[in-house]
Amino acid sequence: MASIIREATPQDTSAISSLVSHLTGKVISPLHIENRLHNLRDNPDELLYVYEEENRILGTLSFRIRRDQDAEHLTFSEISVISFKQDPDSNQAPMEQLKTYAQQLTTDHNCSGMMWLTDVESTDKPRSAQPPIGFHETGYRFVKLFL
């Protein structure tokens, strides 16, 4: 199966909406996704990518550059990924491909480091049992959804 990671477009809104709704169990309007993409266009430090396989969007990667106001050249990428659980019969590894892509984006944008946002519920193992390679835990990020 051929897969591709590419920047999200307005034509992707329905597919992204369906993916997020399916994974969260909450209805996410395509209009909400379209508005998010519109807001991203106005900010060059925020990008949204999709993982596509056989013309189906199966994951997203949000990439944001955080700049330290006190340190002139200190920047970090902030990454969050929404992805389906890996199909054991598939030879593709979407989450790993998205992680690799995020690391390349971090390098391409000359960032000093990378923050990987995740939640415990999205993994089958505790964080300490499966830390991302090269990362160390510095705390937790709590999110309150208003969708």
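Does region 24-38 include one or more residues that are modelled with pLDDT of 85 or more and in contact with a Lys or Arg (Cβ under 8 Å, 6 or more places away or on another chain)? The answer is no; no qualifying residue exists. Tallying residues that are part of a strand (DSSP E or B) and at pLDDT below 80 within region 62-84 yields 3. For the criterion of being surrounded by 12 or more Cβ atoms within 10 Å (Cβ to Cβ), closer than 22 Å to ILE5 by Cβ and modelled with pLDDT under 80, PRO88 fails. For the condition in contact (Cβ under 8 Å) with a residue 40 or more places away in the chain and either out of contact with any Gly (no Cβ under 7 Å at 6 or more places or on another chain) or of a type outside the set (A, V, I, L, M, F, W, C) (or both), LEU19 qualifies. So, in region 91-112, how many residues would count as being modelled with pLDDT of 80 or more, over 29 Å from ILE28 (Cα atoms) and polar (S, T, N, Q)? Of the residues in region 91-112, 4 are modelled with pLDDT of 80 or more, over 29 Å from ILE28 (Cα atoms) and polar (S, T, N, Q). Note on region 50-61: residues that are among the charged types (D, E, K, R) and part of a loop (DSSP other than H, G, I, E, B) total 1. What number of residues within region 1-47 are in a helix (DSSP H, G or I) and not aliphatic (A, V, I, L, M)? The qualifying residues number 18. Do the conditions hold for SER3, that is, is it over 23 Å from ARG66 (Cα atoms), out of contact with any strand residue (DSSP E or B) (no Cβ under 9 Å at 6 or more places or on another chain) and among the small types (Gly, Ala, Ser)? No.
Among the residues of region 24-51, those identified as over 14 Å from the mean Cα position of the chain (by Cα) and in contact (Cβ under 8 Å) with a residue 40 or more places away in the chain are LYS26, ILE28, HIS32.
Only residues that are surrounded by 13 or more Cβ atoms within 10 Å (Cβ to Cβ), in a helix (DSSP H, G or I) and not basic (Lys, Arg) were counted in region 97-115, giving 7.
The values are calculated or read from the model by the stated rules, or taken from the named source; none is laboratory data. As the structure is a computational prediction, the values presented were derived from the model and not from experiment. Every residue, glycine as well, gets a Cβ built from its backbone with ideal geometry; the counts of neighbours run over all protein chains shown.
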